[in-house]
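The structure appears right after this line, and notes come after that.
Any read-out appearing in this document is the output of simple, stated calculations on the displayed coordinates, not a laboratory observation. If you're wondering where the values come from, they're calculated on a predicted model, not measured in any experiment. Quick reminder, even Gly has a Cβ in these numbers, built from the backbone with ideal geometry, and neighbours come from all protein chains shown.
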Amino acid sequence: MKKPLLIVTIVLILAALLTYEMLKLAQIQCSLCLTFNGKRQCSKALGPTADAATEEAHRNACALLTSGVTEVVACNRVESEELSCSHP
């Protein structure tokens, strides 16, 4: 009877630790806008650092503005506009 209770307790503790670690990773939120081929897109992203969050927001915006590998590569070279980062 004690063994199943111990297993359930261990699983719950591990789940709580995993959830805490996942939430801890996203400490910075960045938002930016960019214009590509005459279209403008704004995007937000979370990341452990401002650089990581900015890169992810840029990739997200490019994903919505492009179609095809060539356009994605070109969009990734475009400078972002209205960049701001904060702690959520």
What order, most packed first, do the peptides 75-81, 60-66 have when packing is the mean number of other Cβ atoms within 10 Å of each residue?
60-66, 75-81
Hey, any idea what the orientation-averaged projected area of the convex hull of region 1-51's Cα atoms comes to, in nm²?
5.0
How large is Rg/Rh for the chain, to two decimals, with Cα atoms and a Kirkwood Rh?
1.29
With a point put 7 Å past each Cα toward its Cβ, work out how far Cys33 is from Glu79 in nm, to one decimal.
1.6
Could you work out the helix-only [θ] at 222 nm for the chain, with each DSSP H run of four or more residues adding -39,500 (n - 2.57) and the total divided by the number of residues, to the nearest 500 deg cm²/dmol?
-18000 deg cm²/dmol
Pop out the ³J(HN,Hα) list for region 5-14 in order, Karplus 6.51 cos²θ - 1.76 cosθ + 1.60 with θ = phi - 60°, rounded to Hz; leave Gly and Pro as x.
5, 5, 5, 4, 4, 5, 4, 5, 5, 5
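Going by average Cβ neighbours within 10 Å, how do the peptides 31-40, 11-20 rank, with the highest at the top?
The densest-packed peptide leads the list: 31-40, 11-20.
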Hey, what did region 26-86 get for relative contact order, percent, Cα under 8 Å, at least 6 apart?
42
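Roughly speaking, what is the stretch gain from Leu64 to Tyr20, that is 0.36 nm per residue apart minus the C-alpha to C-alpha distance, in nm to one decimal?
12.8 nm
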So, with +1 on the Cβ of K and R and -1 on the Cβ of D and E, and no other charges, what is the size of the charge dipole of the chain about its Cα centre, to the nearest 20 debye?
500
